[in-house]
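Below is one structure, written out as structure tokens; the observations come after it.
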Amino acid sequence: MKINRTISIAVLLLAGTWCWGRSLYESDTQSRFYNIDDPPYTTIAVHNIGKMAMAVTNVGILGLSGDGMIKDPLTGLPAPSMAYPKGFAVDYLHEAALWVGAIVGRDTLVSAASGTPYGVREFWPLPYPEGDIKYWSTIDRYASEYDSAVSQQDFVAIYSDTIDDVAITGYDYFTGRTHRPLKVEVIQKSYAWGYDYAEDFIIVDYQIGNIELRELRNVYIGLMMDNDIGRDNSTFRGYDDICGFKKTMRSQYISGLIDTLDVVWTADNDGDPDPYSGAYAGLFSPTSVIGVKVLRAPSDEIDFSFNWWIPGWDSESDWGPRRNQPGGVREFYGGRLGSPITDGDKYYMMASKEFDYNQEETYYDRSTEGWLPPPDNAMQITFGGDVHYLLSFGPFNMKAGDILPLTVAIIGGQNFYTDGLMGNEPPRWRDFRDLQLNTLWAYWVYDNPGVDTDGDGFKGKYHIFCMNPKISRIDTIISSPADTIFDTVFSCVWGDTLYYAGDGVPDMRGAAPPVSPQIETYPRLDEFNHGEITIRWNGYKSETSPDQFSQKIDFEGYRVYISRSGQPNDFTLVTSYDKENYDRYEYDLDLRSWVVKNPPYELRLLHNMYGDDFDPAPYYDAENLFAFYNSRSGAWEFYFFTRHDWNQSDYTDTTKIHRVYPEAPYPSTLNLDTARMFYPDEVTREGRLKYFEYRYVLRNLISSIPYYVSVSAFDQGIPGAGLPPLEANPAETAVREFAQNSSHKVKDEGLNVIVYPNPYRIDQNYRRFYEGWEQPDMIPERTQALHFTNLPNRCTIRIFSIDGDLIDEVEHNFGEGEPGSMHDTWDMVSRNDMAITSGIYYYTVESDEGNQIGKFVVIY
């Protein structure tokens with residue numbers, strides 16, 4: 001949307017002796033003057049590719065601040081502030097607002113995207129188009145938005161606090177003070193993924209730069225959160241929230257280890273069960289929890305504060321935890337202990353160095369620990385309220401051109417409340433396990449464990465996993481007459497290094513499915529005039545490219561899909577091909593359950609381990625175990641096995657996905673240039689490796705309608721980490737094709753052009769079969785179509801009336817053999833944009849292969 005107000009303000013350029021600052025911080029804002037007739041362009045974008053749907057703005061706010069009338073610019077539908085899981089009309093965020101405070105001269109200034117007083121907005125973008133939110137995506141590597149993309153849904157917004165027009169920013173109506181800019185600019189980048197392991201969080205990165213020709217001292221950065229959790233139609237949903245901080249939890253992945261979470265969480269106080277039955281309404285109840293984890297702060301050597309408060313209309317009800325200070329407790333504006341109203345109040349809270357206790361502990365008296373006593377309504381606050389909280393960091397000194405980074409993850413966790421765990425004491429039946437796993441994955445995507453990003457040799461923190469450890473030897477080392485060191489050496493039946501933290505350098509890269517192959521389609525009509533589409537592809541890249549997250553090749557198989565509409569949710573699985581491999585389950589004494597700890601075992605590997613005659617099929621559950629005596633450890637081991645996927649791996653059956661060259665050996669080299677030169681028998685005429693050539697035939701198709709066909713590749717997942725196989729959306733690489741004779745066959749056999757339906761009858765329900773079903777929102781008159789097939793790939797179609805008048809002209813221009821090159825349509829509207837009438841019409845098709853003439857009838 002646009003703000004129809006005018007402003008007059010210039011942003012200073014960094015120039016002259018300050019050019020060193022521009023080398024650190026390049027900015028469009030610095031070279032653009034605001035125009036009185038060109039106001040800031042405010043808009044939103046909606047992350048909705050994952051399970052969490054959240055609006056981001058270009059004014060420093062996440063969420064919609066309670067404005068339910070704003071629509072998603074892309075879809076035109078009402079935008080969610082934050083829906084989790086999306087689609088169930090439950091809101092989990094009112095707003096998250098950026099605060100930046102600093103000392104400027106003798107003054108204390110804070111620029112706040114939102115907060116108290118209400119209605120004050122102190123960050124604004126440039127005019128359109130510079131101020132618009134930019135979009136990038138890794139979904140389609142052939143699309144323009146693929147370049148520079150980080151995630152499947154990147155949004156980039158740039159805004160600054162340089163506007164001081166009170167008509168734009170609002171003002172502090174408590175004190176009458178107007179906005180005084182710090183002259184900072186923010187580049188806000190937000191990232192979202194749709195993969196199973198990453199669909200529950202959104203990462204937001206802020207780059208905060210000083211664009212003024214002076215130093216900002218004692219800078220603090222804050223993120224203020226106001227969740228207001230509940231049903232969309234609930235007026236008082238925000239008055240019973242609770243928040244807290246979760247430091248650690250027992251690991252769900254590695255027994256015996258403790259996961260460090262450091263996540264602030266907010267939830268409804270009880271999930272709003274039915275007041276009569278006491279049961280939840282499934283996903284239509286606010287039973288999830290929302291967390292915020294700081295992934296990167298501007299520096300490790302700073303103060304990190306966590307403050308929460310309950311706003312109130314007066315000083316008695318406006319309260320938050322506060323520590324006693326040597327000079328006494330500072331009261332905020334109007335005698336409040338909770339809401340920071342003025343710039344001074346906000347700055348004081350950001351610089352307080354306080355880390356508040358959890359809201360559900362409000363009724364504890366912590367006076368002996370240096371806190372103020374609980375308020376009179378402590379029990380009421382303990383059980384929920386309109387809680388706000390602030391995460392803040394500092395202090396820093398910022399010279400001109402300096403940048404401060406802040407990266408946070410907004411994380412969801414489901415099943416925080418469930419019917420089976422309800423009881424009398426909510427803290428005991430709140431389940432953090434899903435939030436725990438999603439927090440770990442957010443951190444791992446941000447900083448990949450085991451990846452040396454900066455090349456200094458450090459890959460992150462790790463744990464040595466040792467199965468069935470046994471003491472191998474004990475060495476005694478005497479280093480002095482008084483010091484004796486005993487060095488115990490263990491041996492393991494199986495060991496591995498498991499990284500659980502990265503090297504501290506951001507990667508912002510997650511596990512991804514294998515690269516989907518590019519497909520070629522070969523349509524034809526069989527001897528019964530039924531449509532066929534042969535799909536062919538080369539899987540060289542799919543099967544040999546390492547996963548960007550694990551750096552391991554984890555290709556598992558292919559799946560073939562078909563669709564009538566090409567919409568992402570409309571693809572039907574036709575067939576699949578996958579490796580013959582098995583998951584091996586072993587008992588974990590610490591977790592007291594059967595778990596998968598290793599990647600899938602191919603059958604040939606199991607034969608090497610347990611003998612050529614080993615068959616895993618009889619050992620399929622905990623009641624049917626395989627017993628194996630390990631001679632190295634001198635112990636019996638017990639396992640059972642399940643198919644990793646379908647183990648549909650017969651690549652010689654031509655009715656399924658099959659290899660074009662089933663006898664081709666695995667390539668002697670994967671270097672294509674080397675293979676073409678030294679191993680020409682392993683390479684096709686097109687220069688591709690024969691071993692990776694595949695084919696599948698779609699049969700019995702209706703020739704008069706288009707189909708969208710796709711082949712996707714999927715990986716093994718990480719069974720031990722609960723990560724299912726990843727697969728690209730088939731819509732990303734789908735090809736639109738008609739099951740008709742290809743333009744190659746038309747040319748080679750000199751086939752005649754065919755027009756259908758002929759006659760065209762307006763009283764027939766063609767829309768149901770092959771016209772307009774892709775555009776249901778358009779009126780029928782605009783979706784009518786007459787179809788031409790058996791066309792050369794390049795030709796001109798002309799339609800004439802029975803009197804010889806030219807009605808319309810269609811230029812048909814496709815590459816030779818390109819999908820759809822044999823087919824085209826005419827919208828039955830004249831070149832003067834007039835609907836045609838009933839009658840007999842002639843057509844001509846002119847091409848380099850010759851000319852054809854025919855006729856068709858239209859009956860209205």
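Kyte-Doolittle mean at least -1.0 and Cα extent at least 15 Å along the axis: which DSSP H helices of the chain qualify? Each step should come with its number before you reach the end.
Working: long enough: 433-446 (20 Å, -0.19).
Answer set is 433-446.
What chymotrypsin sites (Phe, Trp or Tyr not before Pro) in the range 526-626 are in a loop by DSSP, with at most 14 other Cβ atoms within 10 Å of the Cβ?
On the way: sites: Phe528, Trp537, Tyr540, Phe549, Phe555, Tyr558, Tyr561, Phe571, Tyr577, Tyr582, Tyr585, Tyr587, Trp594, Tyr601, Tyr610, Phe614, Tyr619, Tyr620, Phe626; in loops: Phe528, Phe549, Phe571, Phe614, Tyr619, Tyr620.
Those satisfying the criteria are Phe528.
Label-point separation (nm) for Phe304 and Arg604, each offset 7 Å from Cα along Cα-to-Cβ?
Calculated label separation equals 4.8 nm.
Of the trypsin sites (Lys or Arg not before Pro) in the range 570-666, which ones lie in a loop per DSSP and count no more than 10 other C-beta atoms within 10 Å? Before the final figure, lay out each step's value.
Numbers: sites: Lys579, Arg584, Arg592, Lys597, Arg604, Arg632, Arg643, Lys656, Arg659; in loops: Lys579, Arg592, Lys597, Arg632, Lys656.
The qualifying sites are Arg592.
Can you grab the distance from the C-alpha centre of the range 304-323 to the C-alpha centre of the range 149-193, Å, no decimals?
Taking the Cα centre of each part, the range 304-323 and the range 149-193 sit 25 Å apart.
Is it possible to state the helix-based mean residue ellipticity at 222 nm for the chain, with each DSSP H run of 4+ residues giving -39500 (n - 2.57), the sum divided by total residues, to the nearest 500 deg cm²/dmol? What is it?
Details: 10 runs with 68 residues, N = 860.
The helix-only estimate for the chain comes to -2000 deg cm²/dmol at 222 nm.
Please give me the summed charge of the neighbours of Glu849: other residues whose Cβ is under 13 Å from its Cβ, Lys and Arg +1, Asp and Glu -1.
On the way: positive: Lys745, Lys747, Arg794; negative: Asp748, Glu749, Glu816, Glu846, Asp848.
Neighbourhood net charge equals -2.
Would you work out the relative contact order for the chain, in percent, from Cα pairs under 8 angstrom that are 6 or more residues apart?
Values: 2037 pairs, mean separation 70.6, N = 860.
Normalised by residue count, the contact order of the chain is 8 percent.
Can you give the FRET efficiency for Met379 and Thr497, using 1/(1 + (r/R0)^6), R0 = 45 Å, r = Cβ-Cβ distance, to the nearest 0.05? Let's see the in-between values first.
Numbers: r = 50 Å, r/R0 = 1.11.
E(calc), rounded to 0.05, equals 0.35.
Sorted by mean Cβ packing within 10 Å, highest first, what order do the peptides 75-84, 834-843, 127-136 take?
Values: 75-84: 19.7, 834-843: 14.5, 127-136: 16.8.
Taking the mean over residues of other Cβ atoms within 10 Å, the ranking is 75-84, 127-136, 834-843.
If you place +1 on the Cβ of every Lys and Arg, -1 on the Cβ of every Asp and Glu, and leave all else neutral, what size is the dipole of the chain about its Cα centre, to the nearest 20 Debye? Walk me through the intermediate numbers first.
Numbers: 72 positive and 125 negative charges, 114 e Å.
For this selection, approximately 540 debye.
Count the net charge of all other residues whose Cβ sits under 13 Å from the Cβ of Glu816, scoring Lys and Arg as +1 and Asp and Glu as -1.
On the way: positive: Lys745, Lys747, Arg794; negative: Glu520, Asp748, Glu818, Asp848, Glu849.
With Lys, Arg at +1 and Asp, Glu at -1, the net is -2.
Select from the range 137-229 those chymotrypsin sites (Phe, Trp or Tyr not before Pro) which occupy a DSSP coil region and have at most 15 other Cβ atoms within 10 Å, ordered by residue number.
Values: sites: Tyr142, Tyr146, Phe155, Tyr159, Tyr171, Tyr173, Phe174, Tyr191, Trp193, Tyr195, Tyr197, Phe201, Tyr206, Tyr220; in loops: Tyr142, Tyr173, Phe174, Trp193, Tyr195, Tyr197.
Listed in order of number, the matching sites are Tyr142, Tyr173, Phe174.
Given labels modelled 7 Å from the Cα in the Cβ direction, how far is it in nm from Asp107 to Arg536?
Simple spin-label model gives 7.3 nm for this pair.
What spacing in nm lies between the two simple spin-label points modelled at Arg699 and Arg798, each 7 Å away from Cα in the Cβ direction?
Rounded to a tenth, the inter-label distance reads 4.4 nm.
Can you list the lysines whose alpha carbon is less than 21 Å from that of Lys597, not counting same-chain residues fewer than 8 positions off?
Lys461, Lys470, Lys552, Lys579
Would you tally the net charge around Ala55, using a Cβ to Cβ cut-off of less than 12 Å, leaving Ala55 out, and scoring K and R as +1, D and E as -1? Write down the numbers at each step before the final one.
Values: positive: Lys71, Lys86; negative: Asp67, Asp72, Asp91, Glu95.
Around Ala55, the charge tally is -2.
To the nearest 0.05, how large is the calculated FRET efficiency for Asp613 and Asn529 if R₀ is 45 Å and r is the Cβ-Cβ distance?
Working: r = 51 Å, r/R0 = 1.14.
My answer for the efficiency is 0.30.
We did not get these values from a lab; they are worked out from the coordinates using the rules stated. Bear in mind the structure is a predicted one, so any value in this text is a computation, not a measurement. Every residue, glycine as well, gets a Cβ built from its backbone with ideal geometry; the counts of neighbours run over all protein chains shown.
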